[in-house]
Each structure stands twice: as C-alpha cells, then as structure tokens.
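Student: Below is one structure. I have some questions about it.
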Amino acid sequence: MDGKKRKNWRDILPYDMRGGWQNLSFRLLFVVLATFLPLNVMGIVAAGVMWSGSSRELYGAYEREINNGMGGLDGAIAELDENVENLFMDNIGSLTLPRAKDDLVGYEVLVETSGYMEEEELDGLVYLYDRQGGELHMKQSGSLRSQEILQEIEEDLYITFPLPYRSGWHFREFAGRLYYYRYYKCANYNIGMLLDVKANMESTFEADFFSEKEFYFTDGNLLYRYTNGIPERENLEEWDWLLEKQTSWQVVGWESAHTDLKACLRVESGRFLSSIPLVYWLLLFLSISFVLLGLLLWGMIKKDVLTPLGVLERAMRKLREGEREFRITEIDEGETMEMKYLCDAFNKMAQEVQESYEKDIKMVQAQLDNLRLQVNPHMLLNSFNMIYSLAQLQNYECIQDFALYLVDYFRYILKEADDLVTLKKEMKFVESYLGIQRIRFPDTFGSVYNMQEGCEKALVPPLLIENFVENAMKYALKPGETIEILINARREEDKLLLSVCDTGNGMSEEVLERIQDGEVYVDKLGHKHIGIWNCRRRMEVFYGDAASMKIISAPGQGTQIWLELPFLEEEE
C-alpha cells in the first residue's frame, strides 16, 4: 500500500518485534507454530525413526546373509586346507624326495584332493604338474566345465609355473574367470587348487543374491569388483575408500578368519529407501504437507492481516512524527474490504488532523498577532515618555541609541510574519529589547548570553525567548539590587536546548504550580498573564510531543526556564 521508499529497519517488519507478547505478529506466529510445529516434528521424527529402523533391519539382514554365506565358504576352505595338508604329510616322501618319484602316488593325491573339494561342495579343479616330465593332470570338482575352458586353464597354468612360488590363497584369472588359487610346490610336483569364485558364491548364497548385488573381494594384493556376476579389476587403494562412510551407499563387510580373503557388499541407499513400508512414506508426506500448510497459512495471515496493519501502523507513526500530509495512496485490489475501509478511514482522519492543525496554526497566529497589538501601544507610549525624558536631559546620544533599538524592535514585531524564525534573528531582537530596557532601567540588571557555534540557523517560534526575558524584566527586578539574566543555546544531537535564567524575585509555589499545569495565570486584580501559556501552546502546535518546557523557581531565588526543542535548520 505504502508507495514511499522504506528508510529504516522498522519498515521491514509489520510491527516492532521488540514488543514481545504484546506484538500481534508475535502472537499469531506463536499460534501457527504451536499448532503445526509439534505435529510436524513428531511426524518427521517418527518417519525418521521408522526409516532408521527399516534401514538397520535391512542392513542386519544383509550382514547375516554375508556372514552365513561367506562364513560357510570360509569354513569349507579351512577344512579343505587341513585335509590337503594332512594328505601332503602322509605322502611327503614320494612327493618331495629325489629319486622317489612315484606317478601313482601323485595321481592318488590328485584324486583325494579332488575328493576333499567334492566333500566340501566347492566348485573348481585340482591339478598335478609333473616337474620332471612336464606333464599336467587336472581333475574337476562340482559343476562341469567345457573342454575349451579346461584347455585355456591348462595353457595358463603352464605359463604360471615358471613364476616365483607364492604361499597361501590368492586371486588369479584363468580363461577370463576369477579363481581363488593356491598351490603347493614340491621337489617332484606342483599341486594346486582353483576355486571358481562366481560358481562358489552362487552356490553359497540364495538364488540371485550374488548376481544382483555389487560385491568386492580382495586378497591383500588384488581387488576385484563383481557387478551382475562379472569380475572387474580395481585399484587396491579403493578398498579403504570403499569402507568409509558414504551418503549414497552403505557397505556390509566380512573378513576371513583363516585366509587373507576380505569381501564386502555395497548397497545403494535407494535399496534402503525402497524397503520402507508405504505407511512410513504416508506419514512423512502428511508431515511435509502440514509444514507447507503452515507456511501457506502464515503467508495468508501476513499478506491479508499483518502487512496491511503494518502499513496502517507506519502511516500513524508518520502522522504522529509530524508528516501530516502523508496518505495511504496505494491500495491493492486484492485487499480485504475491512482493510480498504481502514485505509480510507485513516486518510479521512489524517485530512481532519491536518485541517485541525491548520486551524490551530491560524489560531496561534491570531493570538500572536493579538499579543503584538497589545505590545505595540504599550511599548509606544513608554518609548515616547522615555524619549521625552531624555530630551529634557539633553542626552542626545542616548536618544539616538534608544531610537535605533526601538526601530529594530518594531521592525521585528511588525514585519516578522514567519511561523518560525532563526535563532540568530530572535536573539538580535532580544538584544534590541534588552538595550531599550537597559536605558529605561539603568544599573538594575546585567545580561549574558552564549550561543554554541552552529545554532544560529536553528528555527524557533518568534517571541519565544523574548517572552521569558520580558517576564524577567517585569517580575524579577529587585529595587536597589542588580540581577543577572543568563541566556544559553546549545545543541545535543537532534535537540536544541535553550535556557533563560535570572537571579530575581522568583515565583510563589501557587503561581508556579498553575503555570506548570499549563493554566493561564490570573492575578488578584483579575489580569490574565498569557505569555508562558502562549509559548507552551505554540510549542505544542509546532513540535507536538517532541518539545518540552521545564520551569524551576522559588521566592527570592530567581527563575530558570529550560526548553528542549527539535533542532530544525533554516533550509528545512
């Protein structure tokens, strides 16, 4: 609604938020939050707990599956190692001692080793390589292999034998398939075992569990990734990175107790989300919907209630600060009827206030003019009498000074028609008045005034300071004594501080009380004394609550007048 540019932080908010509970925005926001926030928080927390529980349950299921499957495979390999080592110990002489080569013993070891693999239900093959004759014998275990694959494995094994011997189980690729491989090197023979990783994993786990997941295997030297049952060689350094906590997946790890084999299952976070029951998603949807509904409700309240009220509040503040011409000029078509009515009512009220203020200005001006009319005849008569007396004394120099003071005095009285005048003009007028009074009442008073630099252009109502100085001349003079009149003007931030003090007779408690109450003082003869009342009235009209007057007085102790006005400069 308000088309004027915002000037400070108060205009950003509908109301001053420092009001706390007394502030309407604060109360409405509290109601909205108290209504929607607990339910939303409970729903989101419940959905989070349910999601966490489902995730832990699924993770536990994967962990049990890995431990059961890989644990069974690890146990079978450990049992196979024990049986083969016992078999070697029983036939150590025939297998290792020179000149004791016995082909029948080597073949029996081959057959028995294959039998051990069959007993443990391990898929793979056993080979026997005659180191002296260069012959290779193989025997399969588990699922059958094609002759082409066996031939490729045989060719790869012939290449392997010249390589340095490596103890323990480790990974090797033969014929494009990954095997868990171990062999024993003797003086007469090399005897090795190849376990088909894919075949053994598929037989160990439930149907399709291995082929549909992403597994990683490492023997400490090589790292392989199985995706959809297809092995791919990876950088070994990725193993540590894989086990770190990630946001997009979780890892279920396993480590062999008998070999260097380590494995892990990488599960994408989407699988955990897909495991959450529909009721959990429904609860989360409702919670988010309530959050959005709360935001929508707050937006409606802010748009239809708080923002228009904020416009009205700012408009009233501007009116109170003296911007009487301010009006609410822009009213949106989407505003409610009640808000449109309030805006129209404010504009009418502001118009009435402005008209009333203009009437007050005219009334004050009329009172000021009336005061001038009252002063003029009285001052003229006294001045003529004074000039006559000085002429009788032939004090022509004093007559000249008196005439100049009188000219300045009446020029200001008769020609100054502004509502506000500069402090410099007002003080020059006061000097002229004091010059006249100094000639009329010589040696009865002294005057001192001090004006802080920069205050000359400050605007004040005309005859404001002169009125208090004139009161000092009328009521403060003491017969046979000299009093002091002190006038001071200074600035503090955006305030103009004025003081008019005298050391004269002072006021009685009754008179001071009536003046302090803003009443027109009427003396015992029925004469009205409206000077201070008129000054207070003009200050209220020009400055409102931004100006104040303080009077301190006591009989025989003089009077001190303290004025605090807004500092307005001439260009304003």
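Student: In which sequence would Val111, Val500 go, from the one with the fewest C-beta neighbours within 10 Å to the one with the most?
Tutor: So the ranking, lowest neighbour count to highest, is Val111, Val500.
Student: Here's something else I'd like to know. Between Asn395 and Asn488, how many nm apart are label points set 7 Å from Cα along the C-beta direction?
Tutor: Each label point is offset 7 Å from its Cα along the Cβ direction, giving 3.3 nm.
Student: Can you pick out the pairs among Lys425/Lys495; Lys302/Lys348; Lys415/Lys457; Lys318/Lys457; Lys428/Lys495; Lys415/Lys524 whose Cα atoms lie more than 30 Å from each other?
Tutor: Beyond 30 Å: Lys415/Lys524.
Student: Two decimals is fine: what's Rg over Rh for segment 352-566, C-alpha atoms, Kirkwood radius as Rh?
Tutor: Answer for segment 352-566: 0.96.
Student: Which ³J(HN,Hα) values, rounded to whole Hz and listed in residue order, are derived for segment 477-493 from phi using the Karplus coefficients 6.51, -1.76 and 1.60 in 6.51 cos²θ - 1.76 cosθ + 1.60 with θ = phi - 60°, glycine and proline given as x?
Tutor: 5, 10, x, x, 10, 10, 9, 10, 10, 10, 10, 9, 9, 8, 10, 10, 6
Student: If I stretch the segment between Asn228 and Lys478 completely, what's the gain in nm (0.36 nm per residue apart, minus their alpha carbon distance), one decimal?
Tutor: Going from the current span to full extension adds 78.3 nm.
Student: What full-extension length gain, to one decimal in nm, is calculated for Ile387 and Glu569 as 0.36 nm per residue of separation minus the Cα-Cα distance?
Tutor: Once the chain is fully extended between Ile387 and Glu569, it gains 61.6 nm.
Student: If you don't mind, there's one more thing I want to ask. First select every other residue whose beta carbon is under 15 angstrom from the beta carbon of Val522; then total the charges, Lys and Arg +1, Asp and Glu -1.
Tutor: Net of charged neighbours comes to -2.
Student: What's the ranking of 119-126, 379-386 by average number of surrounding C-beta atoms within 10 Å, highest first?
Tutor: Per-residue mean Cβ counts within 10 Å order the peptides as 119-126, 379-386.
Student: To continue, here is another question. Using a Förster distance of 30 angstrom, determine the FRET efficiency expected from the C-beta separation of Ile149 and Glu238, and round it to 0.05.
Tutor: That pair, Ile149 with Glu238, gives E of 0.50.
Student: Could you give the nm distance between label points at Lys348 and Ile288, where each point is 7 Å from its Cα heading toward the beta carbon?
Tutor: My value for the distance between the label points is 5.1 nm.
Student: Next question. With each pseudo-label sitting 7 Å past Cα toward Cβ, what's the Thr160-Glu456 distance in nm, one decimal?
Tutor: Output for this residue pair reads 11.0 nm.
Every number in this text was worked out from the coordinates using simple rules, so none of it is lab data. Since we're looking at a predicted model, the values are computed, not measured. Glycine gets a Cβ as well: all are built from the backbone with ideal geometry, and neighbour counts include every protein chain shown.
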